[in-house]
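Shown next, in structure tokens, is the structure this report addresses.
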Amino acid sequence: MKQYITLSEEVRQAKEQGKPIVALESTIISHGMPYPQNVQTAREVEQIIRDHGAVPATIAIIDGKIKIGLFDDELEMFGQSKDVAKASRRDLPYLLATKKLGATTVAATMICAEAAGIQIFVTGGIGGVHRGAETTMDISADLEELAQTNVAVICAGAKSILDLGLTMEYLETKGVPVIGYQTDVLPAFYTRKSEFPLNIRADDVETIASTLKVKWDLNLKGGVVIANPIPEESALDEEYINGIIASALKEAEEKHIKGKDVTPFMLAKVKELTEGKSLDANIALVKNNAVVGAQIAVSFNSIK
Ligand code: PSU
Ligand code: MN
């Protein structure tokens, strides 16, 4: 796999010096947020990670290589170009072989991070079991990746465009720990709470770091979800956002949106219906995850 990986100079030095590194995905840039907020957020998230003592590594597929750490003009390209494929596990071989541009999802970012020796990954929200999956079978490849790839994903839970109950059942079946950071219940992305209790709560990052170490020391393969609620002041009203999500889901169904297009469609539609409020919330929660993710990376790096 090594021949397909290119490290940025910043990441290469960080590895050489044994510094903590935090992986970041690029689908959130190319397909999760509009331009120019996507690029601006990506830059700010990288800086937050540096300010908290770790080194950011945004991951993407460029010119037949898995790039670990992007240049500023590459971030800009992923933010602007309409010609970037959404790259999940299944897409990596073809995109690398044909030297196309690919923005990595949570699943693909986990694969690339693990291959580059990075165990901590910060994002906004993970994919999951979609509502109606009992007939559509729309279950994100992110969940299968969490079942098998040794990377911890810091997120704000999963969006209620998904079936959160089924998503939790799936993760339980696959043996993926879901750790609530200072919370007893699964956060629902735009809101701090959901009706789903968590089995593990951690109030400090050291507990999370040591739990990761023990899991992988035990050779229990797979990832860990660290669910970090959106800051109170940025959270949206639950009834309000759930109403919007219901209308967006209805429209997705009427327009026969399927497969990999479902999540980007829903994100863009919810943004439109909330007049940008969902985007502001999304940006705030990713930055908050960057703080916690960097702290976990620093702690994990000191004990691993
Ligand atoms: N959730 C978000 N923003 C995103 C995504 C999820 O709030 O950008 C992206 C992530 O890259 C995630 C992917 O891995 O969507 C899941 O897509 P799918 O449901 O098609 O697996
Ligand atoms: Mn899907």
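Odds and ends about this structure:
- Protection proxy ranking, highest mean first, for peptides 109-117, 68-76, 48-56: 109-117, 48-56, 68-76, where packing is the per-residue count of other beta-carbon atoms within 10 Å, averaged.
- Where only DSSP H runs of four or more residues are counted, the chain gives -14000 deg cm²/dmol as its mean residue ellipticity at 222 nm, each run worth -39500 (n - 2.57).
- Net charge contributed by nearby residues that have their C-beta within less than 14 Å of Gln47 (K/R +1, D/E -1): -2
- Relative contact order (%) - criterion: Cα under 8 Å, at least six apart; region: the stretch 1-146: 27 percent
- With a Förster radius of 30 Å applied to the C-beta separation of Lys213 and Met1, the computed FRET efficiency comes to 0.80.
- Rg/Rg_ref, the stretch 71-159, where Rg_ref = 2.2 N^0.38 Å and atoms are Cα: 1.16
- Net length gained if the chain between Arg12 and Glu169 were fully extended (0.36 nm per residue, minus Cα distance): 52.7 nm
- Once C-alpha pairs closer than 8 Å and six or more residues apart are averaged by separation and normalised to the residue number of the chain, the relative contact order reads 20 percent.
- Three-way shape call for the chain based on the alpha-carbon gyration tensor, with the a/c threshold at 1.5: rounded
- Long pairs among Lys86/Lys193; Lys159/Lys250; Lys67/Lys99; Lys65/Lys86, criterion Cα-Cα beyond 20 Å: Lys86/Lys193
- Tensor-based shape of the stretch 83-122 (alpha-carbon gyration tensor, a/c under 1.5 rounded, otherwise prolate or oblate): prolate
- Extension gain, Asp184 to Ser247: 0.36 nm times the residue separation minus the Cα-Cα distance gives 19.8 nm.
We did not get these values from a lab; they are worked out from the coordinates using the rules stated. Only a predicted model underlies this, so the values are computations on that prediction, with no experimental measurement involved. For neighbour counting, all protein chains shown are included, and Cβ atoms are generated from backbone atoms with ideal geometry for every residue, glycine included.
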